[in-house]
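In what follows, a single structure is set out as structure tokens and then discussed.
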Amino acid sequence: MDYCNKIMLAPMAGVTDLPFRLICKEFGADLVVSEMISAKGIHYQDKKTNTLLKTHENEAPLIVQIFGSEPDIMAEAAEYVQKQGARAIDINMGCPTPKIVQNGDGAALGRNTELAARVIRSVVQASSVPVSVKCRTGWDETAQNYLELGQAAQAEGAAAITLHARTRMQFYSGKADREAICSLKKAVQIPVIGNGDIFTPEDVCTMRKTTGCDSVMIGRGAQGNPFLFRQIAEYNATGHYAPVSVDEWRKTILRHLDLMVAYKGEERGILEMRKHIAWYLKGLPHSAHLKSRVFTAHTFSDMRAIVDEF
């Protein structure tokens, strides 16, 4: 797995499912990462967890992100996801949500460098594929340990580290601290992937120039805008990028809708597609009425009829 000079889709719970990953790959994402998968869910053979592990040859090489804080169970999860098609494994040490951190996982694990190192070591030892780590700068402004965590990840055999340059307490507010990414790049020899506030091709260029990061990971900027991956490639090649036509925008939403229903069934697919269409509509004039109709649609035909009116 080459982690350098890549534009990557970040793992996002409830967002980076198989349909969305396929859409992003179609528009040029170099690497995509699954939703975070619970190591305990794998241990206890949870059916929903297995659903999250569905993959497709067109998204290869898939990186699967796992979360947990018990070294043995994380090692077990690493072995399992490899059998299910993972070509690389990412360890979540940055999720800020209360239900995750209250169990000592996500960003809570990231604040405990000693335990984090043990988890990384166990996953690396259980893996025949590359292992990376995704973390934040720290718990809050007074407890930023990303440099120590990055060095521990490197020492324990991690192949790369992604830094979402915010603290846990920031969640997604404020601005990403690109100086932190720059500092991490200077502190380790493994590839550093910069993450945070990437919404335009120009943002990618700025991230690379100001931090020296090896690759860039896009999270919220891809929500409702998978076209961004293609625009980044155009901008890198020519210094310009074309806006998305209304026809392509509509066709992409319909393609996304088709994939959702095909993989998840009509009822669940329509429910989960509502938020995606809301993101596709974000910023468009007079979209409030369309959004309200989207959130009351219950069938494939109803949703498709609404999209056809866009």
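The values are calculated or read from the model by the stated rules, or taken from the named source; none is laboratory data. Small disclaimer: the values here were computed from a predicted structure and weren't measured. With ideal geometry, Cβ positions are generated from the backbone for all residues, glycine too; neighbour counts draw on all protein chains shown. All accessible areas refer to the heavy atoms of the entire protein, side chains included, with ligands and DNA or RNA removed. Shrake-Rupley method; radii C 1.70, N 1.55, O 1.52, S 1.80 Å.
Using a probe of 1.4 Å on the protein chains alone, the accessible area found for Tyr241 is around 80 Å².
Calculate how steeply helix 227-238 sits against the longest principal axis of the alpha-carbon atoms of the chain, using the helix alpha-carbon long axis, and give the answer as 0 to 90 degrees to the nearest 10. It works out to around 80 degrees.
If you place +1 on the Cβ of every Lys and Arg, -1 on the Cβ of every Asp and Glu, and leave all else neutral, what size is the dipole of segment 163-205 about its Cα centre, to the nearest 20 Debye? Before the final figure, lay out each step's value.
Numbers: 6 positive and 5 negative charges, 44 e Å.
For segment 163-205, the charge dipole is close to 220 debye.
State the dimensionless ratio Rg/Rh of segment 119-257 (Rg: radius of gyration of Cα atoms; Rh: Kirkwood radius). Reported Rg/Rh, Kirkwood definition of Rh: 1.04.
Which percent, nearest 5, of DSSP beta bridges in segment 1-152 are antiparallel? Please report the intermediate quantities before stating the final value.
Details: 0 of 14 bridges.
In segment 1-152, DSSP labels about 0 percent of beta bridges as antiparallel.
The slack between Ala278 and Glu234, meaning 0.36 nm per residue of separation minus the straight C-alpha distance, is 13.2 nm. For segment 29-119, the list of trypsin sites (Lys or Arg not before Pro) that fall in a loop by DSSP and count at most 10 other C-beta atoms within 10 angstrom is empty. For segment 54-142, a simple Cβ point-charge model (Lys and Arg +1, Asp and Glu -1, everything else neutral) yields a dipole of about 80 debye relative to the Cα centre. Taking all protein chains into account, the per residue accessible area for segment 135-272 stands at 43 Å² (1.4 Å probe).
What is the dipole size for the chain, taken about its Cα centre, with +1 at each Lys and Arg Cβ and -1 at each Asp and Glu Cβ, in debye to the nearest 20?
Numbers: 36 positive and 35 negative charges, 71 e Å.
My answer is approximately 340 debye.
Each residue of segment 266-275 was assigned a 3J(HN,Hα) from its phi angle through the Karplus expression (A = 6.51, B = -1.76, C = 1.60, θ = phi - 60°), giving 5, 4, 5, x, 5, 4, 6, 6, 4, 5 Hz with x at Gly and Pro. Between the listed residues Ala77, Pro19, Ala117, the Cα displaced farthest toward the positive end of the dipole of the chain, a dipole computed from Cβ unit charges relative to the Cα centre, is found at Pro19.
Report the longest stretch of the chain that contains none of the GluC sites (Glu not before Pro) sitting in a DSSP loop with at most 11 other Cβ atoms within 10 Å.
Numbers: sites that count: Glu141, Glu309.
Answer from the scan: 142-308.
For the pair Glu148 and Met169, label points projected 7 Å from Cα toward Cβ lie 1.7 nm apart. Ligands, DNA and RNA aside, Ser292 has an accessible area near 60 Å² when probed at 1.4 Å. Here's the list of lysines a cross-link from Lys185 could span, going by alpha-carbon distance under 24 Å and ignoring same-chain residues fewer than 8 apart: Lys6, Lys134, Lys175, Lys209. Applying 0.36 nm per residue to the separation of Asp302 and Thr206 and subtracting their alpha-carbon distance, the gain on full extension is 30.4 nm. In the assembled protein chains, Asp140 presents an accessible area of approximately 50 Å² (probe radius 1.4 Å).
Look at the dipole of the chain built from charges on Cβ: of Val133, Ala180, Pro98, the Cα furthest out on the positive end belongs to Pro98.
Per residue, the chain reaches -14000 deg cm²/dmol at 222 nm when only DSSP H runs of four or more residues are counted, each adding -39500 (n - 2.57).
Averaging Cα coordinates gives a centre for segment 1-50 and one for segment 191-223; these two points are 18 Å apart.
For segment 220-295, the set of trypsin sites (Lys or Arg not before Pro) satisfying both a DSSP loop assignment and a count of at most 13 other C-beta atoms within 10 Å is given as Lys282.
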